[in-house]
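Working notes, structure below.
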Number of protein chains: 4
Amino acid sequence: MIKAGIIGSTGYAGQELVRLLLQHKDAEIVWYGSRTYIDKKYGEVYQNMFQLVDAACMDDNMDELAEKADVIFTATPQGLCASLVKNEILSRVKIVDLSADFRIKEVNIYEEWYGIKHVSPAFIGEAVYGLCEINREQVKKARLVANPGCYPTCTTLSVYPLLKEGLIHPGSIIVDAKSGTSGAGRAAKLGYLYCEVNENMKAYGVANHRHTPEIEEQLSYAAGESVKINFTPHLVPINRGILVTAYGNLNRTVTHDEVKAIYDKYYKDEYFIRVLDKGVYPETRWVEGSNFIDINFVIDSRTNRIIMMGAMDNLVKGAAGQAVQNMNLMFGLEETSGLRSVPIFP
Amino acid sequence: MIKAGIIGSTGYAGQELVRLLLQHKDAEIVWYGSRTYIDKKYGEVYQNMFQLVDAACMDDNMDELAEKADVIFTATPQGLCASLVKNEILSRVKIVDLSADFRIKEVNIYEEWYGIKHVSPAFIGEAVYGLCEINREQVKKARLVANPGCYPTCTTLSVYPLLKEGLIHPGSIIVDAKSGTSGAGRAAKLGYLYCEVNENMKAYGVANHRHTPEIEEQLSYAAGESVKINFTPHLVPINRGILVTAYGNLNRTVTHDEVKAIYDKYYKDEYFIRVLDKGVYPETRWVEGSNFIDINFVIDSRTNRIIMMGAMDNLVKGAAGQAVQNMNLMFGLEETSGLRSVPIFP
Amino acid sequence: MIKAGIIGSTGYAGQELVRLLLQHKDAEIVWYGSRTYIDKKYGEVYQNMFQLVDAACMDDNMDELAEKADVIFTATPQGLCASLVKNEILSRVKIVDLSADFRIKEVNIYEEWYGIKHVSPAFIGEAVYGLCEINREQVKKARLVANPGCYPTCTTLSVYPLLKEGLIHPGSIIVDAKSGTSGAGRAAKLGYLYCEVNENMKAYGVANHRHTPEIEEQLSYAAGESVKINFTPHLVPINRGILVTAYGNLNRTVTHDEVKAIYDKYYKDEYFIRVLDKGVYPETRWVEGSNFIDINFVIDSRTNRIIMMGAMDNLVKGAAGQAVQNMNLMFGLEETSGLRSVPIFP
Amino acid sequence: MIKAGIIGSTGYAGQELVRLLLQHKDAEIVWYGSRTYIDKKYGEVYQNMFQLVDAACMDDNMDELAEKADVIFTATPQGLCASLVKNEILSRVKIVDLSADFRIKEVNIYEEWYGIKHVSPAFIGEAVYGLCEINREQVKKARLVANPGCYPTCTTLSVYPLLKEGLIHPGSIIVDAKSGTSGAGRAAKLGYLYCEVNENMKAYGVANHRHTPEIEEQLSYAAGESVKINFTPHLVPINRGILVTAYGNLNRTVTHDEVKAIYDKYYKDEYFIRVLDKGVYPETRWVEGSNFIDINFVIDSRTNRIIMMGAMDNLVKGAAGQAVQNMNLMFGLEETSGLRSVPIFP
């Protein structure tokens, strides 16, 4: 039984981790960390957990946590995990960091886009970017995993094979993404009030969203050269779900079957990646509550571009689910353990 | 491994049954019945099941079904199950009927409220009303279970203990209920279009909703006398969830603790019934996707009435989940098997 | 041209006042009060007003305001208007108070339910309860109007005629109400975040909501005796709209036509009250953005009760629209001036 | 008083026309056409119009309609208006066609994308594309106006000035658009049921949506050369609103102020086009119910692209509002007459 501690268990991603781990036969939660709700019963913070979780929330205490836990999940604001990671800690527990602290290999890019100083850059090199389908073998051996961001997960998995195979021009990629509101977190901000979000659509972070360099780094690995993209996220009135619509210029004329074969080459054995049948586009409703990402594409011969689409649940494959998937790999469990629940609809 | 056949597997309740049974370790689905989608792959009707269900939909064929299945779920319009039930069938398979055909013991009341002739009244007596927490022992022995309606489940469980203990006046009960839109089913009707339901609230079936006599019959058992109620359902723009707010005149002065003790007397060992802490009211978000029903009450000493509240997921405890719970009881499995998933939020 | 000042113009009710007054041919806004947004352009606080309102927000300054305005609307928290009202002010401007300060005639009941001391009880007697359809003549002569609460408006107008005519038993009234989320105001509170409200229903303020005594007072006037009710509000995921479902015991056997005649007796000349045709129930979508309240009823002969229903837009007839209607009456304008816009659907 | 007849008055666009014309001081509706609801009172089809519209729906009868009306609006499926237009009719009444029949100048392109034969191609040349801000003078003289599609309106107005001024490369344009569900019309189709649309996002019509050639034609006029674009619409769970996010490669280095100056050159006197302040992005909530389109842009110097954004209400500026704006121009009324209502929020 893997003992898991969660720092930041009362945010939406943290709570989703709790939900998934409660349903995981080989894991148990030993620490419900939350600076905001210290000593409050977890089942009162999230009433869905009433009678399912008896524990109360606890403050951070890395020493005690490292004592009790086999793995620590940090579902916290940027900077916190970086401040906690030490060799002494990593020698005792594994860490899956859901923040951005260890996702970007160049520390100056991290500091530029996030506007904070990185306090433990020494561990950036060791950290494995936990996009399991791409970096599976490294994750298995990792002590410290940087759990990917929601937009980067959905974008990278949608675009990766075509870029890797040289099918699309790296400089041409435009990513137009739409997210449900749980991605904004559980902070009481005016802009996320029901009446402000409901019956509204808007772009935000246009040309400066922090997930841009993370996506660019991953796509650069695929392309084998430095990639710059346009990335525009939008806020949409749903709770869960990310939809990515990505555009790329084709380097050569291709048929649907040829492109499908490329996706299959990379993904046909991946349980969590479902490349859909021709003509069926990804929709967020079909993946809700699950760790699946649905992917498909359309070739536009009129413009010689390809439209790549991906849909997933931002709190699962985009956060907590992928974190559990990483944990499974790190501890030698079956990769899908605790993550086989069927998408819930409607 | 229990082999389950579903007639009407492509409605919302049927699909929810599929979702739950796919996650049930002791059951497998052998028949995806659907008159509308014969020969169409189930995973194309419900794209969330893509790659999870390989089977195609099949027409009704009771003989073949009775051959292949240990249990048949009928998630069909009223009248269909009644037309299928025969001694010869019941001698070979158990049936859990999600329609109203066998819920009401007096056939003339059924025929009056539903406006159709009952074609197999002989089985009404045998059928067990599958409200597990009330009729557990009979369900265990049943061949034919009438799975309760969503409103009746939520109402009866919220009101039953107080009526049974004589705390509220049977003639005073008013039930004001609110339901998400999945309760209306998956038929393409103008009134259930997105733009008609969204940003709207309305009452419907005022003073004549078909669940009224079903609720009254169950409450009459509790009261030991004939009970007539007011029941007003409302349509609310959410996918899942039922909230019942019920009012009753108190027969005597009581304290919160006394009432709580009564609820506990009936429910304290019930896994799926959560009587909440004082001051915490049931909310549908805390039970979504799960088989829980959350219940609480407030005493209004100013008016000498008590307000009883219940919240549950209409597709789970109100339909498919309770059907699986009944199946578990009928086959001697652990009652919560396949039904322990944590409510999903947000 | 009536010059209007608004204190609290940046809440949802205040903003709705701005919207309505901008469309009013005989009124102009001379003061956009907002303690939170002092000096910020109103069109930046509410971007819908961009290029339509050039003014910036201003702090309270009653002297200056009384100088510039003919009427002051206070769309502010309880207690503020009470602290501003003085004879010297009322001698110069009329006031329409959208808070509860002057709605309840017995100061001790106000203080008990609102938990604050009333600092200008001397004006309670003078204040006219601005339910125009009931108190039209007094409103016309008023200097100080207490604009009714949203729930009290919808409830009182739905129930008033039947109570006044002695058709229902005053002690039997139960009011089950549902409101959209704009009624909660624009404060950044966790409970009103999109993800907390969306896909959820809940009761709140059960047996202790502050609108209870206000409703009871108005119904007591109708009944000619002291009335106590049960009032249960619910929060529903829509922006605008209130739906009231009220239950009362009938004092005698009546036909639909008889009850309809009673409603017509009171409302047939009322522009803003639409008593619907038999079988058509009020729905909030049909009144959105307008000052209409739609009303209807169903007689339940089985239980000898009557179900009364009312639907309106909580921000218009329940707040800003009724405030403008009061202003129209107070200044001798046509009562419907500025308020004839057609409900917007979908 | 302009007498208006509406063919197709019971679709969402038709109903919005009714709403706007009821509030128009110089127009009155003399014909509520609807094949589906012949003889049914309009106020029963759309209960928001109860007591506001007394008329019943009527079948098509062009002779009688041409007799009674000064202008006919056709809010009908493609092909119908083309089948009605005749010189004899146009000599008696003006027509504003909300369908696509006369929007595209090359009949073979229309027939290819719409899959139907055009039965009155002779009038295509005469028809004026009713994008008022671009074609104002021709609209004033027109007998037959092709009212633009919702996506084409939002896209063209967002992109036009920059393309016209040669700032962006015509071959680089990618349009990622999102629409509320009212754009799908009021037909009872499974895909538009509440539970199918709610909590979901999806692309549709990828690389083959019918609005593509209409947008391309308009952008070609701006560019002075043939333009091909990528256009991807998405369905989002809101009632009203279109958001366009368009991407183009910059032909030269520009500053924000330079681009702003270009937009201002074209739009600074346009009442209905609001170019927002720097850093403020268009959001659909700020234009709901109004004829405004909000526009802004962001220069991405990293990729040398510009992101252009536009938001409007698809039923108003994208359909009925623009139709009224065209009517105003055609009859010499003030262009904004009947269209000055303030956007409604929340």
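Points worth noting:
- Computed over the protein assembly as shown, the per-residue total of -39500 (n - 2.57) for DSSP H runs of n ≥ 4 gives a 222 nm mean residue ellipticity of -8000 deg cm²/dmol, rounded to 500.
- Length-normalised contact order for chain D - Cα pairs under 8 Å, 6+ apart - percent: 17 percent
- Inter-chain shielding of A:41-54 (mean C-beta neighbours from other protein chains, 10 Å cut-off): 5
- Pairs of Cα atoms farther than 55 Å apart, the protein assembly as shown, %: 23 percent
- Candidates D:D39, D:D294, D:D97: whichever shows maximal mean-square fluctuation once chain D is modelled as a Gaussian network with Cα springs under 10 Å: D:D39
- Taking the Cα centre of the protein assembly as shown as origin and assigning +1 to Lys and Arg Cβ atoms and -1 to Asp and Glu Cβ atoms, the resulting dipole is close to 0 debye.
- Region D:151-313 - share of DSSP beta bridges that are antiparallel (%, nearest 5): 75 percent
- Using the Cβ of D:I104 as centre and a radius below 15 Å, the other residues enclosed give a net charge of -4, where K and R count +1 and D and E count -1.
- In a DSSP loop and with at most 14 other Cβ atoms within 10 Å, there are no chymotrypsin sites (Phe, Trp or Tyr not before Pro) in region B:95-175.
- 10 Å Cβ shell holding at most 12 others, DSSP loop, trypsin sites (Lys or Arg not before Pro): longest site-free stretch of chain B: B:118-251
- Beta bridges per DSSP with both ends in chain D, % antiparallel, nearest 5: 50 percent
- Rounded to the nearest 20 debye, dipole of region C:151-314 from Cβ charges on Lys, Arg, Asp, Glu: 260 debye
- Per-selection metrics, chain B (Cα): Rg and Dmax in Å: 19.5, 62
- In nanometers and ordered shortest first, the copy-to-copy spacing of the A:S301 label point, defined 7 Å from Cα toward Cβ, is 4.3, 7.0, 8.1.
- The label point for A:N208 and the one for D:E258, both projected 7 Å from the Cα toward the Cβ, are 2.0 nm apart.
- P(r) weight above 19 Å for region D:151-313, C-alpha pairs, percent: 55 percent
- Over 19 Å apart at the Cα level, from the set A:K202/D:K202; C:K268/D:K25; B:K178/B:K317, are C:K268/D:K25.
- Distance from the alpha carbon centroid of region A:323-346 to that of region C:184-203 works out to 31 angstrom.
- Residue list for region A:171-211, given a label point 7 angstrom along the Cα-to-Cβ vector of A:E111 and an amide N cut-off under 19 Å: A:210
- Between C:A69, C:I6, C:H24, the Cα set farthest toward the positive side of the dipole of region C:2-126 (charges on each charged residue's Cβ, about the Cα centre) is that of C:H24.
- Considering the rotation that superimposes chain D on chain A, the residue of D whose beta-carbon lies nearest the axis, and that distance in Å, is D:D176, 2.
- Cut-off 9 Å between beta-carbons: net charge of the residues surrounding B:I2, Lys and Arg +1, Asp and Glu -1: -2
- For region A:11-60 versus region A:98-128, the gap between their alpha-carbon centres in whole angstrom: 28 Å
- Those aspartates and glutamates that a straight Cα-Cα span of less than 16 Å connects to D:K141, excepting residues fewer than 8 apart in one chain: D:D70, D:D97, D:E126, D:E133, D:E334, D:E335
- Gyration tensor verdict on region B:2-126 (Cα atoms; rounded if a/c is under 1.5, prolate if a/b is larger than b/c, oblate otherwise): prolate
- Working from Cα pairs under 8 Å separated by at least six residues, relative contact order for region B:5-157 is 18 percent.
- Share, in percent, of DSSP beta bridges within the protein assembly as shown that are antiparallel, nearest 5: 50 percent
- Within 10 Å of the Cβ of each residue in C:177-186, the mean number of Cβ atoms contributed by other protein chains is 4.
- Formal net charge of residues neighbouring C:L167 (Cβ-Cβ distance under 9 Å; K, R +1; D, E -1): 0
- Contact order normalised by residue count of region C:165-266, Cα under 8 Å, 6+ apart, percent: 50 percent
- Assuming charge only on the beta carbon of Lys and Arg (+1) and of Asp and Glu (-1), the dipole of region B:47-142 about its Cα centre is about 320 debye to the nearest 20.
- Sites B:K278 and A:E67 - FRET efficiency at Förster radius 51 Å, r taken between beta-carbons, to 0.05: 0.90
- Calculated FRET value between C:E126 and C:Y271, using beta carbons and R₀ = 30 Å, to 0.05: 0.60
- Pair B:R302, A:K25: separation of 7 Å Cα→Cβ label points (nm): 5.4 nm
- Here is how far apart the C:A55 label points are across copies: 3.9, 5.5, 6.8 nm, shortest first, using a point 7 Å from Cα toward Cβ.
No value in this document is a laboratory result; all are computed from the given coordinates. Note that the coordinates shown come from a computational prediction; the quantities given were computed from them, not determined experimentally. Positions of Cβ are backbone-derived with ideal geometry, glycine not excepted, and every protein chain shown enters the neighbour counts.
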